[in-house]
């Protein structure tokens, strides 16, 4: 952006130089004049001195004439400009349809293009907002040989590189965690914490807003400072920007810490959601490379290339074994351990780069289409106005003046469309199309600034002027003049073909988008109406995560949960309450079918993978999950062989039938004895993470109120209910503050989280499809509109240029409908090609939507058919207008017009 | 400077016309133009010979005349002015306009009552 | 002709037109413009902004004189009339104009 401004300034400076150049010219001219007059006077008999004096006198004040000449130049130019603009306004006023068409097309196209373009630029191309960002890199440690994915480090690898590598001024490590609750004050709150080695701050070049940053010693366990940093937004939100925040003690469920400083809002590493920063230790007690959870970033030394750094680190890998004997060279080799060094910017946006690039390309295409349409509209209008122009020319208007008129009209329209484009772009950038920072990294850096506004205005004006010029060159003023004498189509063949091609292209794109929108629409509909297996109405859920202190056993946790249930049950309007480890569609990332199950008597048969849950007796009833056979849990189910309930799908997968009450089911576990359970009930299936994945086979362990009185060191079932979901059904559901109060009264440290209705779970599950569907539907409608305008303008333009031919035909006795039919035929041919191309393209590309489609085939006939039909109807209507006009041509007028 | 006489003012008004007409015969530079006009009209441009230059600029902006730097016979560099096609067309109209004006004044002068 | 040029030319010949008009009958300013318009069959349209300064100048130079009078609709207005000096000046202006237009004509007709 800056170099654009510089170029513009250079151009203006040139203009001034031209001005001073003309001043020099003028001086030359005046001197010449005076010398000639002097010479003439000398010829008449004066002496040199008198001659010159007389000449100067005769000339008049040089200064004055110089000024008047300069101002004549400027004033005339300005006059002309103002007059042209006025005329442009008047002409456009007389052709509102044309003006509206151009303004709408250009406005929406430009607004969307710049909105999306800004997002693409800010996310992909703009430098990260840190010091010397091109030196920042992400260092990855990859060991695909032993099946570990990702590029995170273990403490050992980080330690090793940090100590030995020379290519970096600093190497820092960090990871984030959601497992922290801040428990001071009235309202406990779950926070996002980033654990960072102290040098990460200096590496990125951040300064504290208040207080100080970490010192290297802060990471040791025994450090008495217990330092933490908090983010500016957290500081303002929770502590009201308390100026005495430094030194304040904050109670956190992992232990109280002292705030030593506040980090400014502009620092949003690793994500803007981070509230608290912990100094991260790098424990190398057990040197290994298999348990890896550190992200490592570094700053390259001046002049060092990332590839050089990567080479150095790769060369350091063998010495890992020397430093840590527990890491054997054999393991390093087997794991194919290697290092990757990638610019931090790249690494941050890598996940969305392909989509954003695609988006960028699409936007360029849309802009191209919009501009082409506008050019076509201009050409169409020019054809009609050509008579007017020819007359103006014959009356003495110069070509320059007529050309100016085109360009000014274009600019006026351009500026007018900016008025539409600005709010469009502002809307796009403020809503960011509904995306959040979770889907697109760095999205929070995107905003609508005055630079964006200037860009919109500038582009609009430029495009307007360019369109005017293009229309001008296509008509060719010489050609226009000829039109008064002989009739000849003024556009060349290749231009005509290009126009047709572009319109067919638009039609094709519109078809593809409409088909995609249709497919997604039906998927969305299917998703909303899918049998989810539970009743989402009149129910809500919230989550409670127990801290380690005070809840060491299953029984402890269960008792606590029971207390909450009792309190909530006493509220008016509450009908029933259930507790479980998980609720369907809660989507906490990664569907895990982590139980391996077998029929109790099915030795040798392969194990079946299944999801595992823990549920209270009332859970099924509250959720509306039907009980197909047997019973729900009851007291005593943990004793002896514990009871379990399984879903229909699991029953069929393991036993081949749902008649399994009383049978035994075994869970195989790696490294320990399998556990056996008795099946006491079979329930209906539910979805697990996503509706699209279908039902998940599910095994429910009992969540008994009192732990069934078992001793706390015995665990009858795998796992303790530390993070559970409560489900409440009733005629009147408790409000969020009520729930928070209730839980707080029982344990101050625990904040209930994810308080929402069951209905919102279903909404969230369909949100992704819904969003994509909406986007594509909007794009499809826009493409349809553009396509229609495109078809109309090209067909009308062609028809107008054939008006003489039509006149002759009509004069020779052809039926008007025949002439109209000619135009219609032209249009249909165009649309036909577009549709065929579009169908082919759609067939080829809709398979990429497969991930989003639910119970809809990518080649579903219904959608293809209806989209095609819609497109045909609309475009044919667009063609009818010029067809009718052609049919109504007056032969005399048509022939005379040429 | 004394107030311009009647005729000088009228002359200013017809300056454009005079320039166009003179250039229609042959391209000239600025001094040549003033000289010729003064010759033919036998009336000095009292306002100053330099007044021709703003007029020339205006005509150029309109696209009625073209300019070109050339070398004169005495090997001096001078800016020559030349009528364009549009200027030629304009000349015809300006002439008609002027004639209308002159006849109109003539009517007033000739009126008896 | 552009408006500006016509104004120049008109202003230049304004003295002549005023003197001639007043030579027929004394009248007030508005009447003068009306008369000029009539006599020129609508072609010459003098605007009052240039008329009055011209009238003042001519009066200062003694070529015309003015008196207050009443118009047809019983309004007070300044009536102007030609003086003897003005009559002489008119003759000079006429000659000058004839010379000027002949000279100009010569230029404009030249090939």
Item to complete: At 7 Å along the Cα-to-beta-carbon direction for both residue C:50 and residue A:732, put a label point, then send me their distance in nm to one decimal.
Response: 9.0
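Expressed as a rounded percentage, what relative contact order does chain A have, with Cα pairs under 8 Å and six or more residues apart?
Working: 1482 pairs, mean separation 127.7, N = 898.
Computed over chain A, the figure is 14 percent.
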Worksheet, complete the sentence: So the angle from the long Cα axis of helix A:861-887 to the longest Cα principal axis of chain A, reported in degrees to the nearest 10, equals 10
Item to complete: Round to the nearest 10 and give me the degree value, 0 to 90, for the angle of helix A:2-44's Cα axis relative to the longest principal axis of chain A.
Response: 10
Response to the item:
So residue A:35 and residue A:340, fully extended at 0.36 nm per residue minus their Cα-Cα distance, gain in nm 101.9 nm
Worksheet item: How crowded by other chains is C:98-105, given as the mean number of beta carbons from other chains within 10 Å of each beta carbon?
Response: 6
Worksheet item: Taking the Cα centre of each part, how many Å lie between segment C:61-111 and segment C:10-49?
Response: 8
Practice prompt. Before anything else, pin down the relative contact order of segment A:623-688: Cα pairs under 8 Å, at least 6 apart, normalised by residue count, whole percent.
Written response: 47
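Over all residues in C:26-38, what is the mean tally of Cβ atoms on other chains that come within 10 Å of each residue's Cβ? All intermediate terms of the calculation are to be shown ahead of the outcome.
Numbers: counts 0, 0, 0, 0, 0, 0, 0, 0, 0, 2, 5, 2, 3.
Going residue by residue through C:26-38 and averaging, the value is 1.
Determine the shape class of the protein assembly as shown: with a ≥ b ≥ c the square roots of the Cα gyration tensor eigenvalues, call it rounded for a/c under 1.5, and otherwise prolate if a/b is greater than b/c, oblate otherwise.
prolate
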Discussion item. For the pair residue B:38/residue A:829, report the inter-label distance in nm, with labels modelled 7 Å from Cα in the Cβ direction.
Written reply: 7.1
Worksheet item: Hey, how many Å between the Cα centroid of segment A:804-883 and the Cα centroid of segment A:40-73?
Response: 74
Worksheet, complete the sentence: segment A:497-520 and segment A:346-381 have their Cα centres apart by a whole-number Å value of 14
Response to the item:
Bridge orientation stat for the protein assembly as shown from DSSP, antiparallel percent rounded to 5, came to 80
Worksheet item: Once both axes come from the Cα atoms, what is the angle between helix A:450-475 and the longest principal axis of chain A, in degrees from 0 to 90, rounded to 10?
Response: 40
Worksheet item: Which whole-number percent is the relative contact order of segment C:8-110 (Cα, under 8 Å, 6+ apart)?
Response: 28
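Could you order peptides A:98-110, A:57-69 by the average number of other Cβ atoms within 10 Å of their residues, highest first? Display every interim value, and only then the final one.
Details: A:98-110: 22.5, A:57-69: 16.7.
In decreasing order of mean packing, A:98-110, A:57-69 become A:98-110, A:57-69.
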Worksheet, complete the sentence: In a Gaussian network model of chain C with springs linking alpha carbons closer than 10 Å, the residue among C:72, C:15, C:45 that fluctuates most is C:72
Worksheet item: How many Cβ atoms of partner chains, on average, are near each residue of B:54-66 if near means within 10 Å of its Cβ?
Response: 5
Fill in: Estimated inter-spin distance, residue A:722 and residue A:840, nm [label 7 Å along Cα→Cβ]
6.0
Fill in: Protection-proxy order for peptides B:68-74, A:229-235, A:328-334, each taking the mean of Cβ atoms within 10 Å per residue, highest first
A:229-235, A:328-334, B:68-74
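None of the figures in this text is laboratory data; all of them are computed from the coordinates on show. Small disclaimer: the values here were computed from a predicted structure and weren't measured. Ideal geometry is used to build each Cβ from the backbone, glycine not excepted, and the neighbour counts take in all protein chains shown.
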